[in-house]
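Notes to accompany the following structure.
The values are calculated or read from the model by the stated rules, or taken from the named source; none is laboratory data. Since the structure is predicted, the reported quantities are computational estimates derived from the model, not experimental observations. All Cβ positions, even for glycine, are placed from backbone atoms using ideal geometry, and neighbour counts span all protein chains on display. Only protein heavy atoms, including side chains, enter the accessible area calculation; ligands, DNA and RNA are left aside. Shrake-Rupley method; radii C 1.70, N 1.55, O 1.52, S 1.80 Å.
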Amino acid sequence: MQENYSPSTIEQAAQTFWDQRNCFKTDLDSDQEKFYCLAMFPYPSGKLHMGHVRNYTIGDVISRYQRMQGKQVLQPMGWDAFGLPAENAAIKHNIPPAQWTKTNIAEMRTQLKRLGFAYDWEREIATCHPDYYRWEQWLFIQLYKKGLVYRKNSEVNWDPIDKTVLANEQVIDGRGWRSGALVERRQIPQWFLKITDYAEQLLNDLDQLTEWPSEVIRMQKHWIGRSEGVELTFAVQGPQADCPAQTVEVFTTRPDTLFGVTYVAIAPQHPLSLYAAKKSAAKNNSTLQEFITAFEKVKVAEADMATLEKAGVDTGLRVIHPLTQEILPVWTANFVLMSYGSGAVMSVPAHDQRDWEFAQKYQLPIKQVIEPTNEAPVDSTQAAFTEKGQLIHSAEFTGLTSVEAFAAIAQHLAEKKCGQRKVQYRLRDWGVSRQRYWGAPIPIIYCDTCGAVPVAEQDLPVRLPTDVKFDASGCSPLKQMPEFYQTTCPCCAKPATRETDTFDTFMESSWYYARYLSPRDTQQMTGENAQKWLPVNQYVGGIEHAVLHLLYSRFFHKLMRDEGLVHCDEPFQKLLCQGMVIAETFYREEASGKKDYIAPQDVEILRDDKGQILSAKHKKDQQPVLIGNNEKMSKSKNNGVDPQIMIDKFGADTVRLFIMFAAPPEQSLQWNDSALEGAHRFLKRVWRLVYQHTQSEYFIPCQKKSAKELTLDNRQKELRSKTHQTLKKAGDDMGRRCTFNTAIAAVMELLNAVSQQSRLCLEDEVVVKEALDISLLILSPIVPHIAHALWQTLGHAENSIDARWPIVDETALVSGQIEIAVQVNGKLRTRFWVDTNTEQKTLEALALNNETVSRFIAEKTVRKVIVVPNKLVNIVVA
RNA sequence: GCGCCAGUGGCGGAAUUGGUAGACGCGCUGGAUUUAGGUUCCAGUACCGCAAGGUGUGGGGGUUCAAUUCCCUCCUGGCGCACCA
């Protein structure tokens, strides 16, 4: 055995060993219990970043741990290969997206291999491959036939200079990021999947997901947003012949407040808004038109719309209250979204804070119709009263509670045929059309005679041409490629045009987990393996995917289930959402106030003699720099750490260990170069402890003895006890809690104890060997290379990856004495040692007679003594 | 704006079911080894205080014999908001 730890040598040796034996190839037909562990596949952006390393290390640790539990583990890897960055790179570097993507995949695959992840590489997939996306096109056609697909107009960000559609990300401060032009909203026809048909199932089945983080469940519930209410109709007063609507439909969850409605608010894009704007413009009043035009300059993102200052314009139109026949004004308001419900709401300023603020701003009437049941005063001139209560000023409904009134008013509206109960969801249908090149073509053909027709199944896949040229505008090259879009109609064979839009890339990532089970199947989307191997047992990925990706995947899974492709209801049994990787930021402020970020490796930090940071300076010019917050590693903050540099310097095991040790997986992880070196130091220590053991005269005899059979002295028993306590804790931390940081800390404690153990006889060395064996097995999922090398060194015949997780020896755990804490009035005053399971009365007496305690209870009356066996005694005095 | 989450030493974090706050690591201080730097080893390290002791888990309030943990409220930070992935 080498005396010194040399990561590069042992890591390469271990990886070669695993490769040559195909150790991580999964046998899907095995009789063993299956475990499918999946980390969210990466977008191939160029190189691995630290977030990837964290994601895949967590997945690998879980996979290797489950393998040690005797399970047949599947851990695949692939590439979410379509997306916007490839098009940006194409424009910037004049290289086709396919080629750029392929190069990046090769680079990142090499990096993943260097980290020693136990992937079954034979199952690798890339979503940009026609053999992959053809099945997505195929499913889309099945959904089309079932009526789960439809086309409607919807809004996009339009860049009037580049004449292209922009993603929300490409609109900065209302301007296109390339052209700098003010963007406009534009309505274009797009394809939608009816996810709202599955809203109820997506909501109800969340109850099945008992092993998902509760915050993700909560976020999804809210996103789906089921609410029960009443849909009702306001008739437009005296509509002219050209008026686009005779009525305004609204949905409310508070029909009990119906008598408090003082106006109706509609979205700027509502047909009645547009109609009223045209009418008033004809009379030389352009206020409404200007308001609508201004709103059209706001980007499509909801966050942008919701943060606008509430504003509106009276349309001049009037509607009739369905119960009171009052005439109410109709206002166009920027807080009403056309994409929600009907694009109109009834406003009750007295009982809704947003309506109240709007009414205050425009001096609209505020009419209280609910009072609190506890008769507390309500002042509608100060704020809205939004709670439920009892009805007032509500005709025959006056006196009812809000709950009673809900039912009564709903029934009354139904009888009058101007409303009915309705369950509404916040969830909107999924728009899957993208006006972009680098995505899966939507398999639709437009025929002048037959309309929109799906591509015939035998003509799939619709291949995306890869030899393309981009111009600086970012427009999709497909629109300029007649060889792509010119085709014939599958129904009537006449000349027809292909759809040039491509799918949202969430389509590919919504079902890849199923494709890993039969990645090369040319006959079907998924096969028998999917029945046996789904759901995924453990899914690992960033919390940023809590709603969109994880909701779309759940939806897709149900679509596939209803197509008979999979048999379970949910795709992911257990979910772990890892936190971000953050790092310190340093900057200087330019004259303009703009921050010029400086990379942490160029900064030197000055500390006082307690280690507290005093200041920082630039290594090059020795001038001071400002210390910013810890932020997510990014190019813009110049605080990224290249994992490859760290791996080259310290080895994969050190990087893996640091990442798993520095924080529990759900929390954000702060990068720290010194702590990384600390992790490296620990591995060197592990190596040295094993080396010392191999140098012992008892090294060989040890291999034939088990600690259990020997007669041990107290010190040896203590180490054995610590070993098995550590194993028990680490097993729980890794298997159940997924708190790998505390499992590692426990092993560090154990090895600290090993360092202090005297090693003078066979028994000493045998208990040390047991501690080393168990430590190595606990660590092996985290640092598999060093574990592989040292496990062999310790004389074990099998490989560490095939070793079973060790079994706790319960008899070794028992310890005779235990320390009891003594509190007086809840404050810790002293501690004493007693035999385990000492009776409560004895503990009480020992505590009361304790010398230290007596000082605190002298001249006071003991009111109560609380005894928690084997833990503490609390004496309450007054 | 709406939804979700988190605030504990100089730093990352631990305390799993309401029961001894600060495990483990980093940093820092002192010492040993070394020609030196580095490495390695030993000791110390929440704050105030000479000590006795007191204070302390973002702020304020509450429940309890006992609160980092439960409740209310406020503040700060992060994530998501449907075309970044």
Span from the region A:572-603 Cα centroid across to the region A:132-205 one, whole angstrom: 31
Per-bin percent of Cα-Cα distances, region A:10-158 [10 Å]: 10, 29, 31, 21, 8, 2
May I ask you to compute the full-extension gain from A:ARG681 to A:ASP27, defined as 0.36 nm times their residue separation minus their alpha-carbon distance, rounded to one decimal in nm? 231.7 nm
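Taking the square root of 5 times each eigenvalue of the Cα gyration tensor, what semi-axes in Å does the equivalent ellipsoid of region A:794-841 have, largest first?
42, 14, 9
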Angle, helix A:84-93 long axis vs. longest principal axis of chain A, Cα atoms, 0 to 90°, nearest 10? 90
Under a no-solvent Debye model with one identical scatterer per Cα of region A:488-528, what's log10 I(q)/I(0) at q = 0.26, 0.28 Å⁻¹? -0.84, -0.89
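Using 1/(1 + (r/R0)^6) with R0 = 30 angstrom and r between the beta carbons of A:GLU844 and A:GLU749, what's the FRET efficiency to the nearest 0.05? It would help to have the intermediate numbers written out before the result.
Working: r = 33 Å, r/R0 = 1.09.
So, using R0 = 30 Å, E works out to roughly 0.40.
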Once the cut-off is 35 Å, how many percent of the Cα-Cα pairs in chain A end up in the long-distance tail? 65
Descending principal axes extents, region A:223-280, alpha-carbon based, whole Å: 36, 29, 17
When we measure straight from the Cα of A:LYS705, which lysines land under 16 angstrom away, once same-chain ones fewer than 8 places off are left out? A:LYS717, A:LYS769
Using 0.36 nm per residue of separation minus the Cα-Cα distance, give me the extension gain between A:SER696 and A:LYS594 in nm, one decimal. 30.4 nm
To test your reading of the geometry: what angle, between 0 and 90 degrees and rounded to tens, separates the Cα axis of helix A:548-562 from the longest principal axis of chain A? 80
Please identify which residues in region A:23-66 have an amide N closer than 18 Å to a label point set 7 Å out from the Cα of A:ALA106, following the Cα→Cβ vector. A:44-48
Rg/Rh of region A:100-249 (Cα atoms, Kirkwood Rh), to two decimals, equals 1.08
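In square nanometres, what is one fourth of the surface area of the convex hull spanned by the alpha carbons of region A:351-426? Let's see the in-between values first.
Values: hull surface 25.5 nm².
Dividing the Cα hull surface by four gives the mean projection, 6.4 nm².
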With each pseudo-label sitting 7 Å past Cα toward Cβ, what's the A:ASP732-A:SER214 distance in nm, one decimal? 2.0
Taking all protein chains in place and a 1.4 Å probe, what share, in percent, of the accessible surface of region A:517-629 do carbon and sulfur account for? 47
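Between A:ARG804 and A:THR711, what length in nm is gained on full extension when 0.36 nm per residue of separation is reduced by their alpha carbon distance?
Details: separation 93, 0.36 × 93 = 33.48 nm, distance 2.64 nm.
Contour length minus the Cα-Cα distance gives 30.8 nm.
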On a 0 to 90 degree scale, rounded to 10, what angle separates helix A:97-114 from the longest Cα axis of chain A? 20
For a Förster distance of 35 Å, can you work out the FRET efficiency between the beta-carbons of A:LYS47 and A:ARG463, rounded to the nearest 0.05? 0.75
Could you tell me what a quarter of the Cα convex hull surface of region A:214-368 works out to, in nm² with one decimal place? 10.1
Along each of the three principal axes of the Cα atoms of region A:119-181, give the extent in whole Å, ordering the values from largest to smallest. 45, 38, 16
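Which value, in Å³ per residue, describes the convex hull spanned by the Cα atoms of region A:550-680? Don't skip to the end; give the middle numbers.
Numbers: hull volume 22.1 nm³, N = 131.
Normalising the Cα hull of region A:550-680 by residue number yields 169 Å³.
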Here, A:SER473 and A:ALA301, labelled 7 Å along Cα→Cβ, have an inter-label distance in nm of 2.5
Whole-percent pair-distance distribution, where bins are 10 Å wide, for the alpha carbons of region A:709-777: 22, 51, 21, 6
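Once you have the Kirkwood Rh of region A:401-556 from its Cα pairs, apply Stokes-Einstein at 4 °C and 1.567 mPa s and quote D in µm²/s.
Details: Rh = 20.1 Å.
It diffuses with D of about 65 µm²/s by this estimate.
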What accessible area per residue comes out for chain A, rounded to a whole number of Å², with a 1.4 Å probe? 46
Cα-centred dipole magnitude for region A:98-216, charges only on beta-carbon of K, R (+1) and D, E (-1), debye, nearest 20: 660
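Return the inverse of the average 1/r over all pairs of distinct C-alpha atoms in region A:336-490, which is the Kirkwood hydrodynamic radius, in Å to one decimal.
On the way: mean 1/r = 0.0465 Å⁻¹.
Result for region A:336-490 stands at 21.5 Å.
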Classified through the alpha carbon gyration tensor (a ≥ b ≥ c as square roots of its eigenvalues; rounded if a/c is under 1.5, else prolate when a/b is larger than b/c, else oblate), region A:689-827 comes out oblate
